[in-house]
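What follows is a set of notes on a single structure, which appears directly below.
Only the coordinates and a few stated rules stand behind these numbers; no lab work does. Worth saying up front: this structure is predicted, and the values here are computed from it rather than measured. Cβ coordinates were reconstructed from backbone atoms using ideal geometry, including for glycine residues, and neighbour counts include every protein chain displayed.
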Amino acid sequence: MSDSLEDKPQTAPSVWFADILAPFRVAVRVVGIVVWTLGCWVFILCASLSAVVSRPVARKLRRAIARVWAKGFASLLPMRLVIHGSLPKRPFFLGGNHLSWIDFFAVCTLLDAIGVVEEPVSHIPIISTLIKGLTPIFVRRVREDTQRVKGLMVEALRRGESLMIAPESPKKTFPHGAGVHMFRGGLLDAAVVTGTPVHYFTLTYRAPEGYPPPSKVLLSGPNPFLKGPDGKLPESEVEFCGPERMFLPHFLGVLALPWFEFDIQFGEEPIPAGNDRIALANKLHDAVAAKFVPVT
């Protein structure tokens, strides 16, 4: 168990000024991540050639390599996993909150499941090839895509696959990381259709004492969906998460930390799917929110 997550300091304005060793840590970790990712990318491209003989074999090889890559990537981050509760047994349908891109690598280290992933990820050079090896279901944030994605989820559940989803709405009413936002019921309808109980988790982050709080270094920035007609973010969002930032400086800031904790709690019992997706979404939200510790 970790120390109380509610006692996190909010001191140093920058990781780089907090620790003179930060540049050295970043250099070593960047080299490790680049070499590891390129190596796995070459292997997964070679594995794809086996599709000439057998597509199922190629799919299994690609998935195995992609999982090894994700686990290795996670190990190269300064991340400490703190796990509460028991991991669900396969096959499962798992839902919870979402805070950062780091969630993907941490959860891939713990669980083997098909994730519902935002479609823009499929266009990142090299990285997208490795992520596609995990056979995710890509989703676009438009209402018209819901039926297609739900259909793929239903098919996966009926094949005996495990699924993971973060059904939080992008339209948030308070700062990202300050609480668990409303859950959308559209994709959770896959659980209702198949009668699959939904396991749940809640996650949060903790940074070491003397460093910026997780909300300003581990989250990738304020929620852009909260911008008003004038194109500006609410002051509360900027105060909590800091100003908008590009991904590369944010990524290097994460690597500059000596360590950080990824804290995940699994629910004791799954939530019955029932016959109402909205009711299921609300029950799942309340269960996750009850265990959530704000990222401050």
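Couple of notes before you dig in:
- Among the helices of the chain, those built from whole DSSP H runs whose Cα atoms reach 24 Å or more along their own axis and whose mean Kyte-Doolittle hydropathy is at least 1.6 are 22-48.
- Working note: Cα atoms of region 173-296, range along each principal axis, descending, whole Å: 45, 39, 23.
- Protection proxy ranking of 273-279, 108-114, by the mean of other Cβ atoms within 10 Å over each peptide's residues and highest first, is 108-114, 273-279.
- Binning the C-alpha pair distances of the chain at 5 Å intervals from 0 yields a P(r) profile of 1, 5, 11, 15, 18, 17, 15, 11, 6, 2, 1, 0 %, listed from the shortest bin outward.
- Cα centre as origin, Lys/Arg/Asp/Glu Cβ charges: region 38-84 dipole, Debye: 180
- Structure-based [θ]222 nm, the chain - -39500 (n - 2.57) summed over DSSP H runs of at least 4, per residue, nearest 500: -12500 deg cm²/dmol
- Debye log10 I(q)/I(0) for region 119-212, one point scatterer per Cα, at q = 0.14, 0.23 Å⁻¹: -0.69, -1.30
- A dipole drawn for the chain from +1 and -1 charges on Cβ atoms has a positive end, and of Gly95, Ile83, Leu38 the residue lying farthest that way is Leu38.
- Antiparallel bridge percentage (DSSP; both residues within the chain; nearest 5): 30
- Note on region 79-291: lysine pairs with Cα distance below 26 Å, sequence gap of 8 or more or different chains, count 22.
- In this structure, the amide hydrogen of Arg80, modeled 1.01 Å from its nitrogen in the peptide plane, lies closer than 5 angstrom to those of Phe260, Glu261, Phe262, counting only residues at least 5 positions away or on a different chain.
- Ratio of the Cα radius of gyration of region 54-142 to 2.2 N^0.38 Å, where N counts its residues: 1.12
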